[in-house]
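Every read-out reported here was derived from the displayed coordinates using simple, explicitly stated rules and does not represent laboratory data. Not measured: the values here are computed from a predicted model. No Cβ is skipped: glycine too gets one built from the backbone with ideal geometry, and neighbour counts run over all protein chains shown.
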């Protein structure tokens, strides 16, 4: 059997195609794993954002009349808790509706 240049080119292209298929398959598998991890992170962040919203609502309802702020010792503690809550509010996820309001 005589191997011509055409045969060498065909063998090389078959090998190159097989390597390319393996590389694409491997990249796809890794990408799917990363997407699964991203979904878990987004679920966690959504849960955290809902908890922050809930805490913010409860803290606001707790001192509607301002009784905690007016007391010296409890007022100081309440102000500290409110300051921590404001810091946590910065970590809330922004919904699509809230993004539209901020852009306007």
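Below, the figures for the structure above:
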quantity	calculated
Projected area, mean over directions - segment 1-88, Cα convex hull, nm²	8.9 nm²
log₁₀ of I(q)/I(0) at q = 0.20, 0.29, 0.32 Å⁻¹ - segment 34-83, Debye sum with one point per alpha carbon	-0.70, -1.01, -1.09
Relative contact order computed over segment 5-103 (Cα-Cα under 8 Å; 6+ residues apart), in percent	29 percent
Inter-probe distance in nm under a simple model that places probes 7 Å from Cα toward Cβ, at residue 3 and residue 81	8.0 nm
